[in-house]
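Encoded as structure tokens, the structure appears first; notes follow it.
The values are calculated or read from the model by the stated rules, or taken from the named source; none is laboratory data. This is a predicted model, so every value here is computed, not measured. Every residue, glycine as well, gets a Cβ built from its backbone with ideal geometry; the counts of neighbours run over all protein chains shown.
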Amino acid sequence: MDMKIKPLGDRVLVEPLEDQEVIKGGIVIPDSAKEKPQEAKVVALGTGGTDDDGKKIPFEVEVGDIVLTGKYGGTDIRFEDQDYKILNSNDILAVVG
């Protein structure tokens, strides 16, 4: 898949992975009441950050990795009917698997 969005600097574009619909006592909880997903798939990487000496800092994730992100970090965007989030690389908490 050729991504048309290219993050800049040390930013990462992720696609939130949806949790399965939760039903309690026969009541369907609407999407607006669910917690935001914290698990996401890395879709694209930026150009990378630099340290104080101007040396490139490599990303600790790769395209295709499943990651855990902070609940409210980053910026939510919608592109071609798909939801994404752009995060700073330090907003990624862990790689799953």
Where D10 falls short, out of the listed (1) farther than 13 Å from Y84 by Cβ; (2) surrounded by fewer than 13 Cβ atoms within 10 Å (Cβ to Cβ); (3) modelled with pLDDT of 90 or more: (2)
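Table: residues versus (1) touching a Lys or Arg at 6+ places or on another chain (Cβ under 7 Å); (2) at pLDDT below 90.
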| site | (1), (2) |
| --- | --- |
| E21 | no, yes |
| K24 | no, yes |
| I27 | no, yes |
| S32 | no, yes |
| K36 | yes, yes |
| V42 | no, no |
| G46 | yes, no |
| D53 | no, no |
| E60 | no, no |
Quick one: is D65 acidic (D, E) and either exposed (fewer than 13 other Cβ atoms within 10 Å of the Cβ) or modelled with pLDDT under 90 (or both)? no
Selection from the stretch 37-73 of residues more than 12 Å from I92 (Cβ to Cβ) and either of a type in the set (A, V, I, L, M) or in contact with a helix residue (DSSP H, G or I) (Cβ under 6 Å, 6 or more places away or on another chain) (or both) yields V43, A44, I57, V63
